[in-house]
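The values are calculated or read from the model by the stated rules, or taken from the named source; none is laboratory data. Just so it is clear, the model here is predicted, and its values are computed rather than measured. Cβ placement follows ideal geometry from the backbone for every residue including glycine, while neighbour counts extend to all protein chains displayed. Please note that ligands, DNA and RNA were not included when accessible areas were found on the heavy atoms of the full protein model with its side chains. Shrake-Rupley method; radii C 1.70, N 1.55, O 1.52, S 1.80 Å.
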Amino acid sequence: MATMAAAISTLSILLMAWTIKAVDGAGIGISYGRDASNLRPPVQVAQFLAHSTTFDCLKLFDADPATVQAFANTDLAVAVTMPNDLVANLTDLRFAHKWVRTNIVPRVDDTNIARILVGNEVISTANRSLVSSLVPAMQNLHTVLTSLSLQHRIKVASPQSLGVLSTSNPPSTGKFREGRVAEVMRPLLSFLRATGSPFMVNAYPFFGFAVDTLDYALFRPNPGVEDQHTGLIYSNMLDGQLDAVFSAMKRLGFDDVDIVIAETGWPSVGDPWELGVNVDNARDYNKNLVRHVSSGTGTPLMPNRTFEAYIFSLFDENLKPGPLSQRNFGLFHPDLLPVYDIGVLRTEVGGQATAPVQTLNPTPSDSKRWCIPKPNTDVLLLQQNVEYVCGQGIDCTPIQPGGVCNFPDTVPAHAAFLMNEYYQAFGRNAFDCDFGRTGMITGIDPSYGSCVYSS
Ligand SMILES: *[C@@H]1O[C@H](CO)[C@@H](O)[C@H](O)[C@H]1NC(C)=O
Ligand SMILES: *[C@@H]1O[C@H](CO)[C@@H](O)[C@H](O)[C@H]1NC(C)=O
Ligand SMILES: *[C@@H]1O[C@H](CO)[C@@H](O)[C@H](O)[C@H]1NC(C)=O
């Protein structure tokens with residue numbers, strides 16, 4: 001709890017200090033994977049998401065009762081997942097009834113459960129019995145929800161990977177794989193159309209780019225790619241992937257079924273051989289993604305629309321197998337501090353700076369005082385403070401790469417740490433925290449993790 005309180009108070013200070021404009025969060029969600037040994041309890045995570053971020057929906061990879069319950073009385077729309085190993089069980093209607101009664105019904109009065117996702121990437125598992133269970137399982141769930149009059153509130157869907165496509169480039173040639181995939185895609189899309197549910201797809205430009213298409217994958221300025229068949233110009237890879245899915249659906253006559261991005265993201269740390277993995281690229285991808293899918297631009301084949309999208313992932317997950325990048329897709333460290341900032345932290349409500357998390361866990365620490373930057377201080381002025389302090393004999397190694405306060409690697413965070421070091425070392429006078437009127441004194445300990453602020 002103590003560490004949590006410290007982390008939260010640091011965060012609130014960083015929130016105050018960063019002049020982040022909340023993005024229009026309509027339909028921007030986050031995947032809350034829990035394949036880690038060091039995460040905060042779900043209740044703290046839920047409060048953090050609800051009060052300190054602009055996300056308005058989230059996706060769980062299971063339906064763990066304690067985790068779902070943590071989101072009770074928040075505005076967040078929750079998508080729960082039926083794990084792949086229970087999909088076949090759902091073909092038994094009695095099992096479906098029991099599952100909904102046990103996992104969904106107890107929560108419907110206080111929790112905004114908006115979707116039940118049946119499995120994850122079931123079709124590309126190529127497990128014949130699992131794949132053939134998929135649509136009957138979804139139908140049974142829908143039948144149960146209908147019997148409880150919940151079918152309009154809770155939609156049944158099933159995220160698939162781009163592996164269901166045999167062709168995706170150029171986008172207009174997008175096509176589902178022949179044979180078993182096409183066999184299940186038709187009934188799946190019919191079910192989705194009949195129930196008003198979207199086709200959900202996990203789309204990762206990270207797994208599709210090459211050296212010469214990095215900027216294209218990251219939504220950075222680039223020459224664009226023309227689809228020779230349509231003459232349409234693509235400015236980013238995600239649009240190409242979505243339009244390939246759209247083309248494949250259209251080919252089967254289902255272009256009226258909505259598309260939702262069930263997962264997308266970019267890792268911030270990877271093995272040395274992994275291309276394009278670093279914090280700058282992860283930040284650019286996710287930040288540009290949010291801007292793009294909520295801009296209303298749409299894609300060349302689906303113009304003038306927004307997309308509901310779930311960023312993968314909320315946290316770095318230290319128990320995930322595979323290359324190092326797999327454990328580093330998180331926007332946040334397990335202690336809730338940002339790995340990098342994409343503008344989803346809530347800072348201002350009605351034009352006034354607020355620090356909502358502060359009220360969660362107030363830690364008035366008697367006579368202790370710390371010096372931090374004033375809210376909304378110009379980053380250039382804060383950079384001058386950093387240089388000034390480092391020129392005054394204060395140890396600046398903690399904020400440097402490898403130092404305990406290097407993360408978050410931002411000027412406001414580094415300035416906060418160093419301005420306090422200066423204030424403490426030079427006698428804790430009010431004028432030691434003046435910094436040309438850019439500093440302020442606080443009673444809340446900004447320390448977090450192993451980054452300990454002097455007091
Ligand atoms: C699901 O079905 C499998 C195979 O029939 C069975 O072993 C398992 O116990 C079932 N799971 C639940 C939760 O009922
Ligand atoms: C395929 O799916 C079925 C039903 O979920 C499961 O019982 C079986 O273990 C799976 N087979 C493999 C090889 O994973
Ligand atoms: C999309 O918006 C643009 C600009 O408002 C408009 O010219 C165009 O006709 C719209 N396209 C569609 C398909 O609605």
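Some points to look at:
- Net charge, Leu381 excluded, C-beta distance under 14 Å - Lys, Arg +1, Asp, Glu -1: -1
- The range 45-204, dipole about Cα centre (Lys/Arg Cβ +1, Asp/Glu Cβ -1), debye to the nearest 20: 460
- Label-to-label distance, nm, for residues given as Arg291 and Asp92 (7 Å Cα→Cβ offset): 5.3
- Cross-link partners of Lys250 among lysines (Cα-Cα below 24 Å; sequence separation of 8 or more within a chain): Lys155, Lys175
- Nearby lysines by direct alpha-carbon distance to Lys320 (threshold 28 angstrom, same-chain neighbours under 8 apart not counted): Lys59, Lys287
- Using Cβ point charges alone (K and R +1, D and E -1), the dipole size of the range 370-442 about the Cα centre works out to roughly 180 debye.
- Accessible area per residue, Å², the chain with all protein chains present, probe 1.4 Å: 41
- In this rough spin-label picture, where each label sits 7 Å from Cα along the Cβ direction, the Asp75-Thr167 distance is 4.5 nm.
- Taking only the C-alpha atoms of the range 189-300, the Rg (one decimal) and the largest Cα-Cα distance, Dmax (whole number), read 15.2, 47 Å.
- Cα-based shape type of the range 370-442, given that a ≥ b ≥ c are square roots of the gyration tensor eigenvalues and the cut on a/c is 1.5: oblate
- DSSP beta bridges confined to the range 2-327 are antiparallel in about 15 percent of cases.
- The range 2-327 - percent of accessible surface contributed by carbon and sulfur, probe 1.4 Å: 52
- Calculated P(r) of the range 82-130 - Cα pairs past 12 Å, %: 67
- By the Cβ rule of 4.7 Å, the chain holds the following cysteines without a possible disulfide partner: Cys57.
- Surface share of carbon and sulfur [accessible, 1.4 angstrom probe, percent] for the range 370-442: 54
- Projected label distance in nm at Leu380 and Asp35, using a 7 Å step from Cα toward the beta-carbon: 4.6
- Note on the chain: Kirkwood radius taken over Cα pairs, Stokes-Einstein applied at 4 °C and 1.567 mPa s, translational D equal to 55 µm² s⁻¹.
- Low-density loop positions, chymotrypsin sites (Phe, Trp or Tyr not before Pro), the range 223-289 - DSSP coil, at most 16 other Cβ in 10 Å: Trp273
- The range 193-301, dipole about Cα centre (Lys/Arg Cβ +1, Asp/Glu Cβ -1), debye to the nearest 20: 280
- Shape category assigned to the range 88-175 from the gyration tensor of Cα positions, a/c cut at 1.5: prolate
- Stretch gain in nm, segment Val404-Leu324, where the contour uses 0.36 nm per residue and the Cα spacing is subtracted: 26.7 nm
- Residues Ser124 and Ser450, FRET efficiency given R0 of 51 Å [Cβ-Cβ distance, rounded to 0.05]: 0.80
- Förster radius 51 Å - calculated FRET efficiency between Thr213 and Ser147, Cβ distance, rounded to 0.05: 0.55
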